[in-house]
Amino acid sequence: MSDDFHPSPEAAFARGRLLQSQHRMQDAIACYKQALALDAHHTPSYMMLALCWMNDDETAPQAVDAAGRAVALEPENPFARSVLALALNANAKDGQTAAIKAALEQAGEAVNLDPDSDFGHAVVARLHLRLRDYPKAEASARAALSLDTENTMAAEVLSAALLMQKKDGDIQNLTRYQLERNADDDSAHTGAGWMALMQGDHKKANQHFLEALRLNPMNENARMGLIESFRARSWPYRLQLRFAHFMNQFTEGRQTAIMIGGFIGYRVLSSYLKTVAPFWANVVIGAWLVFALWSHLARGFSTFFVTLDRFARQALKPREFWEGIVVGGLVFLSPTALVLGYVLHVPDAGFVALICILTAVTNAAAFTNDHYIGRHVYNVAAAISGAGVLYCGIAIFANLDLPLIGLAGITALYIGIATTWLRQLRVLYA
């Protein structure tokens, strides 16, 4: 584009806004850069550049720089501070709570500068949502919608906050209102999709997510929902979603207390039954293991079936694809080891089956962890346990007298057991 077409920074900026509304981000970025080449102090272009850059991991740091320049030029501009808050949030990795709180401070300052800014309240709501403070996220989102009922960010955050608090009646009313008021709003269909998913209607959820992506192909929340709707074609995964939805009505601390209390109850009951009814003791132990392990494995197991669907797997990102292959493959490998052990009379086949399942748990935790430190720790643990399974499996089924077979197997076993607790307690996990 030449300066003949953009004789002023305002004209270049206006062209960029038009292109941005059409989701032609690279062309919009070029226009904003041209506006800044004509006027290095053109604050609106810095803000729009930040909004264009923040949704890409590679350019998120540039978004922070652009938004910071806008705030430096106009410190009293509430919109600039809200954009800076969004940029800081986009650049913060999961688990970097201090960085997210710094973004919240900027958003709070924006609301202080202009209490009537629906955008400012919506940004505050989004940050509270990421910090898992669902009541505050709900309150801020409602404040934004009271100022502008068309604020799609606030509506989407409110929908998520209500969902996480299991306020089903409120979210149904909100979803119905949003769809009736604006059937062409992608965020309305996204919210309706998540609600349908939690109610167990994966077909209806799939329709809403597809419509949301038709309206806005860049809607990442809708893409994630679409994947969840594909996974939910597996009835065990649907049960897992319903259980997760039930647990969301409790705070994180209460969820941990419930799980610890359940474990103590299981130990007391199984110990008592061992003395009076060994059969039922085994039933209780088996039920607890299925409950404890399936909550970790349901997603990866269901994703395995998504990878087999030529259409559905196109929506998967590489990390999600390999989660299905690795976790699902290990889950299927466990009963395969049992069957082969029975047919070939391999005495230690049951041990291989057990460490396959526990290694699947470790890998599931590694694939789903976005903590900026924890993801590396869990990846190393998954690699070690995976190597242990491979080493033990080859040695046992090929009847090879390899050194340290027991150590490799026990290491994979204990890593898997530790992962079930560390992940449940969210230690280095986000």
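The values are calculated or read from the model by the stated rules, or taken from the named source; none is laboratory data. This is a predicted model, so every value here is computed, not measured. Methodologically, a virtual Cβ is constructed for each residue, glycine included, from the backbone with ideal geometry; neighbour enumeration extends over all protein chains shown.
Numbers for the structure displayed
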| quantity | calculated |
| --- | --- |
| Pair list, Cβ < 8 Å and 6+ apart or interchain, from region 252-275 residues that are small (Gly, Ala, Ser) to residues that are modelled with pLDDT of 85 or more | none |
| Helices (runs of 4 or more DSSP H) enclosed by region 277-394 - at least 3 residues per element that are closer than 25 Å to Leu239 by Cβ, of a type in the set (Gly, Ala, Ser) and free of Cβ contacts under 8 Å to residues at least 60 places away in the same chain | 278-307, 318-344 |
| Answer from Leu49, Leu73, Leu38 - the residue that is farther than 30 Å from Val427 by Cβ and touching a His at 6+ places or on another chain (Cβ under 7 Å) | Leu73 |
| Cross-chain or 6+ apart pairs with Cβ under 7 Å, region 176-202 first and touching a residue at least 24 places away in the same chain (Cβ under 8 Å), then part of a loop (DSSP other than H, G, I, E, B) and surrounded by 22 or more Cβ atoms within 10 Å (Cβ to Cβ) | Leu197/Ala232; His202/Ala232 |
| Among (1) closer than 21 Å to Asp309 by Cα; (2) out of contact with any helix residue (DSSP H, G or I) (no Cβ under 7 Å at 6 or more places or on another chain); (3) not aromatic (Phe, Trp, Tyr), the one test that Asn173 misses | (1) |
| Within region 162-275, helices (runs of 4 or more DSSP H) holding 3 or more residues that are in contact with a Leu (Cβ under 8 Å, 6 or more places away or on another chain) | 168-181, 186-198, 202-215, 220-231 |
| Criterion: touching a Leu at 6+ places or on another chain (Cβ under 9 Å), aliphatic (A, V, I, L, M) and surrounded by fewer than 17 Cβ atoms within 10 Å (Cβ to Cβ) - qualifying residue of Leu131, Leu104 | Leu131 |
| Selection count, region 400-423, where residues are closer than 19 Å to Leu333 by Cα, of a type outside the set (A, V, I, L, M) and touching a residue at least 40 places away in the same chain (Cβ under 8 Å) | 2 |
